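Here is the structure we will look at.
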Amino acid sequence: MSNQEPIHSFSSRILVLPEANIDTDQIIPARFLTTTTKVGLGKVAFNDWRYNADGSDKPHILNQIDPTEHRVLVGGNNFGCGSSREHAPWALMDYGFQAVISTEIADIFKSNCLKNGLLPVVVSKEVHDKLLANPQQRVTIDLQQNALTLEDGTVITFEVEAFARQCLLEGVDAMGWLLKRLPDIEKFEQSHGKAA
Amino acid sequence: MTAKSLFEKVWDAHVVEPEGADKPAVLYIDLHLVHEVTSPQAFSELDARGLKVRRPDRTFATLDHSIPTLAPDADGNRPYVTAQAKKQVETLEANAANNGLRLFGYDAENRGVVHVIGPEMGLTQPGYTVVCGDSHTSTHGAFGCIAFGIGTSEVGHVLATQCLAQRKPKTMRITVDGKLQPGVTGKDVALTVIATLGFSGGTGYALEYAGDVIRELDMEGRMTVCNLSIEAGARCGMIAPDQKTIDWLRGRQYVPQGEAYDEAAKGWLALASDEGAVFDKEIRIDGSTIEPMATWGTSPDQGAAIVRGVPVAGNEDQERALKYMGFTGGEAREVEKVDVVFIGSCTNGRMADLRAAAAIMKGRKVAPGVRALVVPGSEWVRIEAEKEGLHEIFLEAGAEWRLPGCSMCIAMNGDFVLPGQLAVSTSNRNFEGRQGPGSRTVLASPATAAASAVAGHVADPRQFMALEEA
Ligand code: SF4
């Protein structure tokens, strides 16, 4: 689990969930958080949008598509707000998504995505409108170039925090990066009255 | 010397390695709070790497999210919602034992909701950096801490190194001037701030709350304000320590005692933003115009003064929210028949909150057909409330009195609102289904929640307060 597979570039059709402010309670309702592992959460991703109380399917797009064909989720404005549960990116990735696109992506969710190799891509309203207008389109995401290419050929550059990007591209492990700093951390504790 | 803000002072004192263009800062964490839901996978990660918790003395665990709030049966069996919830609790018990962590478990006198017990025991101290795998960690900012929620991967980072890789956020000062009207509480201030900033207006910022209204709030009210910072998307919310902070913390279990306390307090008072400190953004709110608030939609920023009624939708999102809530827009709040009232959570589950609710419920009855649940934020709150007889007021009014926990705030322990039911809750999120699939939530203060329980509909609490004064 320690090293992420490096991500470089991939193409996929998008899946649009146009609702604004999709929060992490929608992505995975709290009652599924009693798990003690990260695996198998894809089946409860957007559970209450996809299933009736008796467990039968609702006619929701997430139940109708082939997830391997739609690896880029385009959400409405302001995606991923709410709870800090990392179960949200775990569930989205287990469902099959590799990237999330929105006009705004909430802080903690974004940080959680980057730690797991789910790429958060923030785009302008204009680009977002183009994605929503053609929800069947295929896009290419190239992390090496920080580029998102739409089906009509529009190329947009997006920003990913430099260190997180490096972790994703090179498979650098953030905990390992911190562990390497233990001697400095110990020195800091000594000089700041924080030693055990 | 350049003038520094409260945030900058605390941040700078915790930088182990400064940030650069290609790398985040290494930020030292003074206090790490852990609970059963967001920690198991982090401990597994440590196990997989053959690591132990590096600073068990700075790491404290509690049980709150998935635990039942009903008493165990005669054989001591607790009514867990599922076997998996029980296993989650046992996993934390095992991880704590295995790593030598202090776990405030069922037998501890201080078990409770993580953001209630931290300050209560004085684990939270001014100038600290505090993290927890829970977004409402911003609560601890009321004591002048940089306190923020982290994901499970980061929980692992802190367990292993006591540090986090972090980029410094921008700063925003929110000044609430003037004087609050009688009957207006910290929760109403917080809901007003969020409505002003909007759902994501705080994204990328560390907030500092200032102004006369904030100074006048008691520590409980300040915690409520900081608690809700995340609902505007902010990284954290802070308030400069003052004499109130120092008086409130004095003598608590984990703070320095005696002269050492006075010495520490001097340093805490010096944390306040210097005159001339520059913020990336400044906002002013006139506190005297704030009235008791209630949300009408499905995000915490969709709130308005109760007396103004439900607003008419101004855009598609608001329309969708109103539709989910079953409101048409433009109606008075009194038409909203209430099914459930929930008083509790890390937002409003403290003594001051329970007292405010009890003051309204005293000598009155919960309206027929309303289920009212009062859940103290911690064992300490439960015991104090019972000493004061608050539980009797609630029980006599027809409300349920439970054991401490997150309960209906997150609705993962078996306490939940039924599909379609309308709940007035003192918690922090009114997302679709947050309190149970199909549940509809109105966020409000403890006084408003109690008033709504008694009235049977969403009600301005001042009508009950005025009665008492007459
Ligand atoms: S009371 Fe609610 S918001 Fe607070 S810690 Fe518990 S679940 Fe989170």
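Give me the percent of accessible area attributable to carbon and sulfur for chain B, probe 1.4 angstrom.
The computed percentage sits at 52.
About the Cα centre, and with charges only on the beta carbon of Lys, Arg (+1) and Asp, Glu (-1), how big is the dipole of chain B? Nearest 20 debye, please.
Rounded to the nearest 20 debye, it is 480 debye.
If you count only protein heavy atoms and use a 1.4 Å probe, how large is the accessible surface of B:T38, to the nearest 10 Å²?
10 Å²
Among B:A321, B:I246, B:V116, whose Cα sits farthest toward the positive end of the charge dipole of the protein assembly as shown (+1 at Cβ of Lys/Arg, -1 at Cβ of Asp/Glu, about the Cα centre)?
Value computed over the given set: B:V116.
Apply 1/(1 + (r/R0)^6) to the Cβ-Cβ distance of B:A264 and B:D286, taking R0 = 51 Å, and write down the FRET efficiency to the nearest 0.05.
About 0.90, to the nearest 0.05.
Residue separation times 0.36 nm, minus the C-alpha to C-alpha distance between A:Q136 and A:E19: what's the value?
Separation in residues times 0.36 nm, less the Cα-Cα distance, equals 40.4 nm.
Just need the relative contact order of chain B here, percent rounded to a whole number, with Cα pairs under 8 Å and 6+ apart.
17 percent
Going highest first, how would you order A:7-19, B:129-141, B:349-361 by mean Cβ packing within 10 Å?
By packing density, highest mean first, the sequence is B:129-141, B:349-361, A:7-19.
Where the only charges are on Cβ atoms (+1 Lys, Arg; -1 Asp, Glu), what is the dipole of the protein assembly as shown about its Cα centre, to the nearest 20 debye?
Here the protein assembly as shown has a charge dipole of around 460 debye.
What are the ³J(HN,Hα) values, in whole Hz, obtained from phi via the Karplus relation 6.51 cos²θ - 1.76 cosθ + 1.60 with θ = phi - 60°, for each residue of segment A:185-190 in sequence order, with x given for Gly and Pro?
Computed from phi, the couplings for segment A:185-190 are 5, 4, 4, 4, 4, 4 Hz.
Rounded to the nearest 0.05, what FRET efficiency do B:R252 and A:L182 give with R0 = 25 Å and r taken as the Cβ-Cβ distance? Could you check?
Efficiency at R0 = 25 Å is approximately 0.20.
Would you kindly derive the ³J(HN,Hα) couplings of segment B:447-456 from the backbone phi angles with the Karplus curve 6.51 cos²θ - 1.76 cosθ + 1.60 (θ = phi - 60°), listing them in order in whole Hz, with x for Gly and Pro?
Per-residue couplings from phi come out as 5, 5, 4, 5, 4, 5, 5, 6, 7, x Hz.
Pulled fully out, how much extra length does the chain show between B:D177 and B:A13, if you take 0.36 nm times their separation in residues and subtract their Cα-Cα distance?
Additional length available on full extension: 56.1 nm.
Please compute the average number of Cβ atoms from other chains found within 10 Å of each residue's Cβ in peptide B:309-322.
1
Any idea which of B:G398, B:V340, B:P461 is furthest toward the positive side of the dipole for segment B:324-470, if Lys and Arg beta-carbons carry +1 and Asp and Glu beta-carbons -1?
Sorting the options by dipole projection puts first B:V340.
Work out the FRET efficiency for B:D57 and B:D212 from their Cβ-Cβ distance, taking R0 = 41 Å, and round it to the nearest 0.05.
Efficiency, rounded to the nearest 0.05: 0.60.
Taking the Cα-to-Cβ direction at B:L418 and at B:E109 and moving 7 Å from each Cα, how far apart do the two end points lie in nm?
Each label point lies 7 Å from its Cα, and together they span 4.1 nm.
Which one of B:N227, A:V123, B:G414 has its Cα pushed farthest toward the positive end of the charge dipole of the protein assembly as shown, where Lys and Arg give +1 and Asp and Glu give -1 at the Cβ?
B:G414
Roughly how many whole Å is it from the C-alpha centroid of segment B:189-223 to that of segment B:29-46?
Computed from Cα coordinates, the inter-centre distance equals 28 Å.
Measuring from label point to label point, each 7 Å out along Cα→Cβ, what is the B:T2 to B:A94 span in nm?
Reported label-point gap for B:T2 and B:A94 is 5.1 nm.
Take every residue in peptide B:57-64, count the Cβ atoms of other chains within 10 Å of its Cβ, and give the average of those counts.
Whole-number average of other-chain Cβ neighbours for B:57-64 is 0.
Would you mind pulling out the separation of the Cα centroids of segment A:158-172 and segment A:129-153, in Å?
20 Å
List the residues whose amide H sits under 5 Å from the amide H of B:K23, counting only those 5 or more places along or on another chain, with H placed 1.01 Å from N in the peptide plane.
none
Which whole-Hz ³J(HN,Hα) couplings does segment B:297-314 yield from phi under the Karplus relation 6.51 cos²θ - 1.76 cosθ + 1.60, θ = phi - 60°, glycine and proline marked x?
Running phi through 6.51 cos²θ - 1.76 cosθ + 1.60 with θ = phi - 60° gives x, 10, 9, x, 7, 8, x, 7, 4, 4, 5, 7, x, 7, x, 7, 4, x Hz.
If amide hydrogens are placed 1.01 Å from N in the peptide plane, which non-local residues have theirs closer than 5 Å to the one on B:Y128?
B:I146
In nm, to one decimal, how far is the A:Q144 label point from the A:L169 one, both placed 7 Å along Cα→Cβ?
In this crude spin-label approximation the distance works out to 1.0 nm.
For A:I105, what residues show an amide H to amide H distance below 5 Å, using hydrogens built from the backbone and excluding near sequence neighbours?
A:F79
What full-extension length gain, to one decimal in nm, is calculated for A:S191 and A:E126 as 0.36 nm per residue of separation minus the Cα-Cα distance?
18.3 nm
Please sort B:363-372, B:112-121 by packing, taking for each peptide the average over its residues of neighbouring beta carbons within 10 angstrom, highest first.
B:112-121, B:363-372
Placing +1 at every Lys and Arg Cβ and -1 at every Asp and Glu Cβ, with all other atoms neutral, what dipole size does segment A:15-66 have around its Cα centre, in debye to the nearest 20?
200 debye
How well do other chains shield peptide B:160-170, expressed as the mean number of their Cβ atoms within 10 Å of each residue Cβ?
Mean number of neighbouring Cβ atoms from other chains: 4.
For a protection proxy built on the mean count of beta-carbon atoms within 10 angstrom, sort B:14-27, B:91-104 highest first, please.
B:91-104, B:14-27
Where does each of A:V160, B:V417 land when they are ordered by accessible area, with a 1.4 Å probe and the largest first?
Heavy-atom accessible area, descending, gives A:V160, B:V417.
Take the alpha-carbon centre of segment A:8-23, take the same for segment B:394-447, and report the distance between them in whole Å.
32 Å
The values are calculated or read from the model by the stated rules, or taken from the named source; none is laboratory data. What you are looking at is a predicted structure, and each value in this text was computed from that prediction instead of being measured. Every residue, glycine as well, gets a Cβ built from its backbone with ideal geometry; the counts of neighbours run over all protein chains shown. Accessible surface is based on the protein model in full, side chains and every heavy atom, while ligands, DNA and RNA are left aside. Shrake-Rupley method; radii C 1.70, N 1.55, O 1.52, S 1.80 Å.
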